[in-house]
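Q: My questions all concern the structure below.
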Amino acid sequence: MYLMIVLTGQVQNQQVVVQNKVNTAQKVLITYSMKSTCEEHIFQSLYTKHIKEVRNFLYYKCGNYDLAQDLAQESYIKMWENCATVIFDSAKGFLFTVANRLFLNKVRREKVELSFIKEKPPTHNNEHPEFLMEEQEFKSKLEAAISDLPEKQRTVFLMNRIDNMSYKEIATTLDISVKTVEKRMGTCLKTLKNNVSELRMRKI
């Protein structure tokens, strides 16, 4: 009986220790998530973590890498200027909202040229010139078709096809539902296949 009491006491003590550790970890996590982005090390961690996502998001919208890079940098500048009101947990949403607003302002001011498909050298030098010409023509048609897509469809399509993001990841990033992502992708693929006949024979 005495042994049972001792063992029970030890188990209870261990449970208390574990629970205390869990509570401490939760407090640290909550405290960190509520921290202001004015702290340099937090701002730097957010830059390292999200700069590529923000830049790609903008690139898929405008098709210009240099412009996307500039707007992404400007988004971080805006966050730094407003760091007193932007906490860690809301930083990503703030960045994407500002990035989208900057892009829309840019579009209003001038027509943005779209160019998504980078030219790649042929893998074999002995490929038939006629084949290379057909491939070039196909790429041009596809690029034009992607450029003509509505901006929301184009963004979802390129995030999925180039960044290999799942529908759920895209939905979270753009703050939309998975159903909306599915609908945009379905409409997008149908449009591309209608506008580029070669796509009906290829996997896209």
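The values are calculated or read from the model by the stated rules, or taken from the named source; none is laboratory data. No experiment lies behind these values; they were computed from the predicted model shown. Cβ atoms come from the backbone with ideal geometry, glycine included; neighbour counts cover every protein chain shown.
Q: Of the numbered conditions (1) within 29 Å of residue 147 (Cα to Cα); (2) at pLDDT below 55, residue 23 fails exactly one; give the number of that condition.
A: (1)
Q: Only residues that are of a type in the set (Phe, Trp, Tyr) and either at pLDDT below 85 or not assigned by TED's automatic domain parsing to the domain that holds residue 75 (or both): list them for the stretch 86-106, please.
A: The one that is of a type in the set (Phe, Trp, Tyr) and either at pLDDT below 85 or not assigned by TED's automatic domain parsing to the domain that holds residue 75 (or both): 88.
Q: Here are some residues: 51, 117, 5. Which one is surrounded by fewer than 19 Cβ atoms within 10 Å (Cβ to Cβ), of a type in the set (A, V, I, L, M, F, W, C) and at pLDDT 65 or above?
A: None of the other options fit; the residue is 51.
Q: Filter the stretch 73-98 down to residues that are within 12 Å of the chain's Cα centre (by Cα) and surrounded by 20 or more Cβ atoms within 10 Å (Cβ to Cβ), then give me how many there are.
A: Of the residues in that region, 1 qualify.
Q: Follow-up. Go through the residues of the stretch 79-89 one by one and say whether even a single one is hydroxyl-bearing (Ser, Thr, Tyr), in a helix (DSSP H, G or I) and touching a residue at least 40 places away in the same chain (Cβ under 8 Å).
A: There is no residue in the stretch 79-89 that is hydroxyl-bearing (Ser, Thr, Tyr), in a helix (DSSP H, G or I) and touching a residue at least 40 places away in the same chain (Cβ under 8 Å).
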